[in-house]
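Input: a single structure, listed below in structure tokens.
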Protein chains: 2
Amino acid sequence: MTVLALAMGNCGNNPKKSNSEDSKVLTENTVVYPSDVIPFMDKWKILMGDGTRSEDLVNYEKKDFFYVANDGNTNWVVYKTPNAGVTSRTSSNTRTELGEKAHWIPETGGKLTGTLKVKHVSTTGDASVSSSYSVVVGQIHSDEGHENEPLKIFYKKFPGHTKGAVFWNYEINTEGDNAGRWDYSSAVWGYDFSDVGTGETTYPEEPEDGIALNEEFSYEVNVYKGIMYLTFTSEGHETIKFTKSLVKSDFSKKTEIPQQILNTYALRGRDGVERDTAYAGEINYFKQGAYNQANGKSTKSEIYDGDIAKQYVNGSYAEVWFKEATVGAGTIPAEE
Amino acid sequence: MTVLALAMGNCGNNPKKSNSEDSKVLTENTVVYPSDVIPFMDKWKILMGDGTRSEDLVNYEKKDFFYVANDGNTNWVVYKTPNAGVTSRTSSNTRTELGEKAHWIPETGGKLTGTLKVKHVSTTGDASVSSSYSVVVGQIHSDEGHENEPLKIFYKKFPGHTKGAVFWNYEINTEGDNAGRWDYSSAVWGYDFSDVGTGETTYPEEPEDGIALNEEFSYEVNVYKGIMYLTFTSEGHETIKFTKSLVKSDFSKKTEIPQQILNTYALRGRDGVERDTAYAGEINYFKQGAYNQANGKSTKSEIYDGDIAKQYVNGSYAEVWFKEATVGAGTIPAEE
């Protein structure tokens with residue numbers, strides 16, 4: 001109302017003054033910040049691919065990493081990060097990714113939503129390594145114990161393919177030593193994390209129902225009273241839902257280790273089981289943005305000696321655009 | 001920007017159309033909702049003094065309980081509730097009070113702020129009963145175990161006094177049976193909960209540094225890593241701060257029961273101790289508004305057979321106005 005009243009005031013008897021005031025306003029508002037596009041930025045801090053951190057994201061941007069782009073119709077928040085840069089304490093993958101300031105336990109829950117399109121994933125890597133050519137676009141991350149990840153939402157596309165896949169991983173909250181940890185992966189559209197090439201340059205078949213670069217999709221992560229409800233939607237694709245307890249393990253016995261894990265991690269000796277109460281009572285938080293899974297070590301992605309400009313020119317980066325996103329309290333799940 | 005651009009468009013060559021559009025907008029916006037004044041309403045549900053509940057408070061109001069009033073300068077959100085009405089499951093006091101949708105544990109924390117003025121408290125009651133003539137304007141409430149209250153912020157004013165008091169109560173998370181529970185009260189400005197009259201109509205001295213009806217004050221409740229940091233400010237009054245652990249009890253041994261409690265609750269057999277870890281790991285949430293502490297039973301306040309209109313006309317109600325408030329993640333406390 002105030003804004004409208006002021007502007008209406010300019011319709012009065014002094015058009016000259018009105019015009020000059022209007023241009024001043026326009027000039028001052030030339031920069032559109034990520035917080036103008038998605039107003040929840042006050043609830044996050046950020047770590048970017050060159051190691052820059054910020055805890056005050058209102059009216060904040062950083063060239064080449066975190067800024068607003070317009071595709072002709074819509075403003076989007078861009079998260080961009082190279083294959084090699086500065087990483088966090090617990091990872092060898094770079095990220096330009098929001099980290100939620102509020103923390104929570106599965107019992108109190110929380111909800112994260114996002115509508116996004118992936119613009120780019122690394123074009124180099126080792127096709128036989130799961131994390132090649134992929135980017136994580138949303139997470140639940142534990143802040144206690146092993147600091148494992150109950151949820152990572154991936155987008156991945158093999159070189160030469162038009163369509164990529166969306167899948168999500170659940171990492172067990174390992175009983176005892178975390179060396180036995182593993183991720184159980186579920187396909188949303190296309191393949192999952194365990195579907196890899198038989199060699200460095202041998203790719204699985206392109207998924208018919210996959211998601212292309214520049215194709216919009218949405219996710220909702222609703223954690224309510226210890227249960228995680230996932231919903232994935234995209235125009236022209238089937239809506240896919242999952243339900244997973246975060247407080248009662250499905251994998252607490254050796255006999256419960258899924259075949260997918262026996263075929264992959266277990267061959268490398270990673271065959272742990274999960275504590276019976278999974279992530280119950282453990283402090284977690286959401287992440288959202290671009291967490292590049294292509295690095296120069298495990299995935300053999302090109303990194304150009306860590307030169308970020310060169311990586312950006314040569315396709316050694318991940319870039320994800322979000323147009324809408326929310327974070328807040330978990331909600332009673334809708335009846336099916 | 002969009003709003004401004006549209007309004008600027010109305011400054012053009014068609015004043016007739018412009019005017020009619022403007023009046024349409026103005027008409028549509030005649031009702032100012034609480035969510036227009038304090039934009040955090042999407043994070044709350046409400047229970048009102050007549051038992052009405054709502055979980056969708058955006059563009060919502062309810063006459064006589066939850067609405068916007070203007071004092072000539074500023075829009076305020078009004079929370080009004082009679083001495084007798086419909087109460088919640090766990091209380092015999094009525095409330096028109098927000099309840100936070102998000103829940104949290106002390107270790108993950110949270111932050112609630114408010115700037116308010118109390119317009120009215122019950123003018124009848126028993127001066128020898130602590131809760132007479134008082135209203136709770138902010139709370140932390142547990143949602144587990146005993147469902148006790150780590151924090152209640154009170155305003156109280158005895159009949160005939162100009163100035164009232166602001167104080168806060170910490171309720172122990174009782175070890176074992178909750179029948180032994182008690183509230184430890186700390187004065188902010190004026191007396192505390194334990195300072196009562198010697199008889200039904202005998203009042204303590206009016207506090208010199210007290211807060212009058214219609215006098216603004218602010219509180220900040222910041223729970224960070226298990227510690228509760230309280231800050232109370234009011235123009236012309238000393239700023240008062242408190243720090244209290246919510247995860248390590250100060251009252252876990254009989255010898256630690258404060259003299260205030262021995263003088264009051266213990267005389268009635270309520271002399272419990274607190275579990276050593278206090279509220280650690282227990283799910284809590286914030287409340288804000290008017291939780292009327294004057295009821296017809298313990299405080300002998302007039303209730304006019306529960307007739308709300310009669311109670312409102314005859315001073316048997318609490319009314320609290322908030323002009324600003326926030327809720328969100330706990331923050332690193334400022335260095336002293």
Worksheet item: In straight Cα distance, which aspartates and glutamates are under 15 Å from A:LYS248, not counting same-chain residues fewer than 8 positions off?
Response: A:GLU107, A:GLU171, A:GLU175, A:GLU256, A:GLU274, A:ASP276, A:GLU282
Worksheet item: Mind checking the mean number of beta-carbon atoms from other chains within 10 Å of the Cβ atoms in B:98-111?
Response: 5
Response to the item:
Over region A:106-155, the quotient of the Cα radius of gyration and 2.2 N^0.38 Å is 1.44
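What is the mean projected area of the alpha carbon convex hull for chain B, to one decimal in square nanometres? List each step's numbers first, then the result.
Numbers: hull surface 78.5 nm².
About 19.6 nm², averaged over all directions.
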Worksheet item: Using the C-alpha atoms of region A:170-286, what convex hull volume per residue, in cubic angstrom, is computed?
Response: 138 Å³
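Excluding B:GLY272 itself, what net charge comes from residues whose Cβ is under 9 Å from its Cβ, given Lys and Arg +1 and Asp and Glu -1? Could you put the intermediate results ahead of the total?
On the way: positive: B:ARG181, B:ARG270; negative: B:GLU175, B:ASP177, B:ASP271, B:GLU274.
With Lys, Arg at +1 and Asp, Glu at -1, the neighbours total -2.
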Worksheet item: Per-residue ellipticity at 222 nm for the protein assembly as shown, helices alone: DSSP H runs ≥ 4 residues times -39500 (n - 2.57), over residue total, nearest 500 deg cm²/dmol?
Response: -3000 deg cm²/dmol
Worksheet item: Helix B:15-28 versus the longest principal axis of chain B: what is the Cα-based angle in degrees, 0 to 90, to the nearest 10?
Response: 20 degrees
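If the viscosity is 1.306 mPa s and the temperature 10 °C, what Stokes-Einstein diffusion coefficient in µm²/s follows for region A:236-309 when Rh is the Kirkwood radius over Cα pairs? Show your work: numbers first, answer last.
On the way: Rh = 16.4 Å.
Stokes-Einstein gives a translational diffusion coefficient of 97 µm²/s.
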Practice prompt. With no solvent and one equal point scatterer per Cα, compute the Debye intensity ratio I(q)/I(0) for region A:57-99 at 0.13, 0.26, 0.32 Å⁻¹ and report its log10, rounded to two decimals.
Written response: -0.35, -0.98, -1.16
Worksheet item: Which number do you get for Rg(Cα) / (2.2 N^0.38 Å) in the protein assembly as shown?
Response: 1.10
Response to the item:
The convex hull of the Cα atoms of region A:175-237, divided by residue count, gives a volume in Å³ per residue of 135 Å³
Worksheet item: Ignoring any ligand, DNA or RNA, what whole percent of the accessible area of chain B comes from carbon and sulfur when the probe is 1.4 angstrom?
Response: 48 percent
Item to complete: Treating the Cα atoms of region A:283-334 as identical point scatterers in vacuum, please give the log10 of the normalised Debye intensity I(q)/I(0) at q = 0.17 Å⁻¹, two decimals.
Response: -0.71
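Report the percentage of all Cα-Cα pairs in region B:73-215 whose separation exceeds 20 Å, rounded to a whole percent. Don't skip to the end; give the middle numbers.
Working: 5342 of 10153 pairs.
Cα-Cα pairs in region B:73-215 separated by more than 20 Å: 53 percent.
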Worksheet item: Which whole number gives the average count of other chain Cβ atoms within 10 Å of the Cβ atoms across peptide A:136-145?
Response: 0
Practice prompt. Can you tell me the alpha carbon radius of gyration of region A:200-269 divided by the globular rule-of-thumb value 2.2 N^0.38 Å?
Written response: 1.50
Item to complete: List every residue whose amide H lies under 5 Å from the amide H of A:ILE283, counting only residues 5 or more places away in sequence or on a different chain, with H placed 1.01 Å from N in the peptide plane.
Response: A:ASP143, A:GLU144
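The values are calculated or read from the model by the stated rules, or taken from the named source; none is laboratory data. In this text the structure is predicted, and so the values were computed from the model without any measurement. Every residue, glycine as well, gets a Cβ built from its backbone with ideal geometry; the counts of neighbours run over all protein chains shown. To get the accessible areas, we keep the full protein, side chains included, count just its heavy atoms, and leave off ligands, DNA and RNA. Shrake-Rupley method; radii C 1.70, N 1.55, O 1.52, S 1.80 Å.
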